1. Using only Cα atoms, tell me the angle between helix 10-32 and the longest principal axis of the chain; keep it within 0 to 90° and round to the nearest 10.
2. Once you have the Cα-Cα distance between residue 44 and residue 5, take 0.36 nm times their residue separation minus that, and quote the gain in nm to one decimal.
3. Would you mind working out the accessible area per residue for the chain, using a 1.4 Å probe, and quoting it in Å²?
4. For helix 39-64, what angle does its Cα long axis make with the longest principal axis of the chain, in degrees from 0 to 90 and rounded to 10?
5. Which value in nm describes the separation of the simple spin-label points at residue 63 and residue 25, placed 7 Å from the Cα toward the beta carbon?
6. For the chain, build the charge dipole from Cβ charges (+1 Lys, Arg; -1 Asp, Glu) around the Cα centre, then report which of 15, 63, 33 sits farthest towards its positive end.
7. Return the equivalent ellipsoid semi-axes of the chain as a descending list in whole Å, where each equals the square root of 5 times an eigenvalue of the C-alpha gyration tensor.
8. Ranked highest first by the average count of other Cβ atoms within 10 Å around their residues, in what order do 57-63, 47-53 fall?
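The values are calculated or read from the model by the stated rules, or taken from the named source; none is laboratory data. Since the model is a prediction, treat every value here as computed from it, not as a measurement. Neighbour counts run over all protein chains shown; Cβ positions are idealised from the backbone, glycine included. For accessibility, only protein heavy atoms count, side chains too; no ligands or nucleic acids. Shrake-Rupley method; radii C 1.70, N 1.55, O 1.52, S 1.80 Å.
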Amino acid sequence: MESMENANAEGHYKLLTVAIVIGIVGVFLRFAGDANTGFMFTSISNIILIIGILIALKCVFTIIK
């Protein structure tokens, strides 16, 4: 029962929400800057997206564990 309580902890879902918001910002910047800007802006937006993905995966695997 203790693992079920740990999986349902509120902190996990707050972190997952933050990760999703970071990912959405990365996707938005990727498409918003695609037409007018160069390689640097696209690279920064891809890095932001990858950070959001990594945080989300860490959170999901913590919940599953």
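1. Long axis of 10-32 versus the principal axis of the chain: about 10 degrees.
2. Full extension of this stretch gives 10.3 nm more.
3. Numbers: 4980 Å² over 65 residues.
Per-residue value: 77 Å².
4. 10 degrees
5. 2.1 nm
6. 33
7. 32, 9, 5
8. Values: 57-63: 13.7, 47-53: 15.9.
Highest-to-lowest ranking by the protection proxy: 47-53, 57-63.
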